[in-house]
Amino acid sequence: MPEKYVERVLLTKEEIQKRVISLGQQISNDYAGKELLLICVLKGAVVFLSDLMRAITVPVFIDFMAVSSYGAATESSGIVRILKDLDCSIDNRHCLIVEDIIDTGLTLLYLKENLLSRKPASLKIVTLLDKPDRRRVDIEPDYCGFRIPDEFVVGYGLDFNECYRSLPDVCVLGEK
Ligand code: 5GP
């Protein structure tokens, strides 16, 4: 397998911070007077969640789900498995799925249908990053931080083989 390395910065930490605050304001306006359960998709979305929840002014609760992702490869298999389910019930609650990135959309479509079957009061999606050119199923986020081109990115929580999550910027991964 070719060696991977961080090729360049795509989004700086300052750009990300500014956009996350504006997403938080938009979400706070839309959910005014309500309580919101943020459902964080592990592990990639944890950094986004921790910044986003502090930018939201309505009362928030958090819970976590882990689903199978690409592992060591950079292509979606299309097979989604729940590795860790929610601890709480979402029955009759306003829920917002917090994703790091939507690529083919296969993971999110599965997650959305699975969560809808649990009868939440509402279910929306916020993603930090969206790669619309790669979409294979009909699913769109309700809130999106940045639309990015079809490149494999790491940093700000996103990994390759569990590496690079702690980079403060979103960077493009290249091959040697
Ligand atoms: P999808 O099912 O939409 O194809 O894939 C969604 C998941 O794939 C994301 O939650 C993320 O874990 C992973 N993924 C997709 N594109 C990228 C990328 O550019 N970088 C990283 N690090 N993960 C990605």
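Results, tabulated for the structure shown:
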item	result
Cα-based shape type of the stretch 1-69, given that a ≥ b ≥ c are square roots of the gyration tensor eigenvalues and the cut on a/c is 1.5	oblate
Modelled FRET efficiency - R0 30 Å, residue 85 with residue 166, Cβ distances, 0.05 increments	0.65
Spin-label model distance (nm) - residue 142 vs residue 30, 7 Å beyond Cα toward Cβ	0.5
Size of the chain as Cα extents on the principal axes (Å, biggest first)	51, 35, 26
Per-peptide average of other Cβ atoms within 10 Å, ordering 97-106, 126-135, 15-24 highest first	97-106, 126-135, 15-24
About the Cα centre, charge dipole magnitude for the stretch 1-153 (Lys/Arg +1, Asp/Glu -1 at Cβ), debye	200
Choice from 38, 86, 158 showing the highest fluctuation, given a GNM over the chain with Cα pairs closer than 10 Å	86
Cα centroid separation - the stretch 88-142 against the stretch 6-67, whole Å	14
Antiparallel %, DSSP beta bridges [both residues in the chain], to 5	35
Calculated on alpha-carbon atoms, Rg and Dmax of the stretch 123-174 in Å	12.0, 36
CD proxy at 222 nm, helix term only [per DSSP H run n ≥ 4: -39500 (n - 2.57); per residue of the chain; nearest 500]	-7000 deg cm²/dmol
Exposure proxy ranking, count of Cβ atoms within 10 Å, fewest first, for 125, 90	90, 125
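A short reminder: the numbers here are calculations on the coordinates, not readings from a lab. Small disclaimer: the values here were computed from a predicted structure and weren't measured. Glycine also receives a Cβ, built like all others from the backbone with ideal geometry; neighbour counts cover every protein chain displayed.
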